[in-house]
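See below for the structure under consideration.
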Ligand SMILES: Cc1cc2nc3c(=O)[nH]c(=O)nc-3n(C[C@H](O)[C@H](O)[C@H](O)COP(=O)(O)OP(=O)(O)OC[C@H]3O[C@@H](n4cnc5c(N)ncnc54)[C@H](O)[C@@H]3O)c2cc1C
């Protein structure tokens, strides 16, 4: 009989682990607390609009200089996806001026040099790194646990030409890189490339991928994307239990060693298995489901010292007409500052005009979304729990004030609103259980670099972790790779040759 694997979480990492284990003859069962697949890679319906809650860019969206496309093809028939490639990453506006951050490297260089000629050196550093990385063929990362000497040599040969720049720019944060700019508009535009604490190598590589058109957006949005992987998993014979929150990972002593042997749901149901994978939130897995009993120094130090991506509010508006815009992502000043929560008052807003995906809004209308970062997850969770009417009122106030604050730039909006929605960190925690409502796990800071956390914990056999909490930087590709990696590791430990198949093979 096939050995059984319990998987906690039907995010991209859990679904990916499930698919690859099914391909390798294991019997898997996923437990997911929500009623939908995808975890953070999600979307929701409101008044005829599909609010997209995740994908800005999908690395490996097309064949090219990366092996990720081939891996996605093992989960989804990528040829069936329609991919949209943006011309402009974002348009940054301030005091009547703008900088267009083009995805084409040549156009980007010319735009930046025209707008900030005094920053020729900084621009040169960014552009030459992005150009170099655009030739890089990233190997499909294997987990550290499976790395052989041959893999090491192969990686060195492939990555050798890029190591200098990778090393240099992974040690500089976006904030420090931006601080070198003399031109205030360019400085602000650079600061907004991603979170300021992140190593600048990350946006440099992203620009390279965008330039190569291998990081596009799948039309239909994030939930549809997750559902395609869910369908693949079910067709491979996997089983998913939705509404199944795991509160404990069962362990037992077998021949003198402690090993995972199943999971217990919040309702007290026991599900026995030979292996357990947690592709769910890292903090609750280690410190709650396993009671903090199995932990290595590196992992413990991460949870005590390293920086997580913040949580966020997502404002979504349905506007009853088309909003035309040169760029779908815009950052611009609000007419007046808006207080978000005790620690945050914003004076700029970063929005997406989703007209590039006609499936998200009724014809002739526009879905607009804005992400507002905050680390006030506890404030939002407590407010929702202890004073629900104030929570609702605060949401209404923020929706109103931000919408009004955007009218100077986008024209009249309030009379044209036919859908409004604001999710908060309390929403993120409720539906995904991510620690501090984080949107992507650990920030790849200069200190953390390309480091990974182990997939296995000391003193506990047959237990594995996958997903964004073991892969700093997070993202969909790392979720895919770590799910694939954990399946490879279990197969290897069982003495099985790891096999994969593409969707339509
Ligand atoms: C707004 C936003 C934009 C993003 N944009 C991009 C982008 O453009 N490109 C990109 O690559 N990445 C992007 N990301 C990041 C990416 O979505 C995540 O890094 C990735 O989806 C993480 O996948 P995961 O499977 O590791 O974790 P998750 O998606 O968090 O999945 C974990 C799953 O486990 C479940 N779970 C948790 N605890 C339990 C429990 N106790 N019992 C049962 N189930 C449990 C959760 O409900 C969840 O479904 C974005 C994220 C956000 C929020």
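Criterion applied to 387, 377 was being within 21 Å of residue 427 (Cβ to Cβ) and crowded, with 17+ Cβ neighbours inside 10 Å, and the one residue passing it is 377.
Right, residue 266: assigned by TED's automatic domain parsing to the domain that holds residue 454, more than 24 Å from residue 480 (Cα to Cα), within 11 Å of the ligand (Cβ to nearest atom) and touching a residue at least 12 places away in the same chain (Cβ under 8 Å) or not?
Details: assigned by TED's automatic domain parsing to the domain that holds residue 454: yes; more than 24 Å from residue 480 (Cα to Cα): yes; within 11 Å of the ligand (Cβ to nearest atom): yes; touching a residue at least 12 places away in the same chain (Cβ under 8 Å): yes.
For residue 266, the condition - assigned by TED's automatic domain parsing to the domain that holds residue 454, more than 24 Å from residue 480 (Cα to Cα), within 11 Å of the ligand (Cβ to nearest atom) and touching a residue at least 12 places away in the same chain (Cβ under 8 Å) - is met.
Would you confirm whether or not the range 123-130 contains a residue that is within 23 Å of the chain's Cα centre (by Cα) and modelled with pLDDT of 95 or more? The answer is yes, given that some residue of the range 123-130 is within 23 Å of the chain's Cα centre (by Cα) and modelled with pLDDT of 95 or more. Taking helices (runs of 4 or more DSSP H) as the structural unit, those lying wholly within the range 120-188 and holding at least 2 residues that are surrounded by 15 or more Cβ atoms within 10 Å (Cβ to Cβ) correspond to 120-133, 163-170, 174-179. One residue stands out in the range 1-13 among those that are touching a strand residue (DSSP E or B) at 6+ places or on another chain (Cβ under 8 Å) and near the ligand (Cβ under 6 Å from one of its atoms): the one that is nearest to residue 240 (Cα to Cα), namely 10.
Of the residues making up the range 441-476, just one is within 14 Å of residue 299 (Cα to Cα), near the ligand (Cβ under 9 Å from one of its atoms) and at pLDDT below 95, namely 471. Quick one: is residue 220 within 16 Å of the ligand (Cβ to nearest atom), in contact (Cβ under 8 Å) with a residue 60 or more places away in the chain and part of a strand (DSSP E or B)? Taking the combined requirement at face value, the residue does not satisfy it.
The values are calculated or read from the model by the stated rules, or taken from the named source; none is laboratory data. Being a predicted model, the structure only gives us computed values, none of them experimental. When we count neighbours, we look across all protein chains shown, and the Cβ atoms used for this are built from the backbone with ideal geometry, even at glycine.
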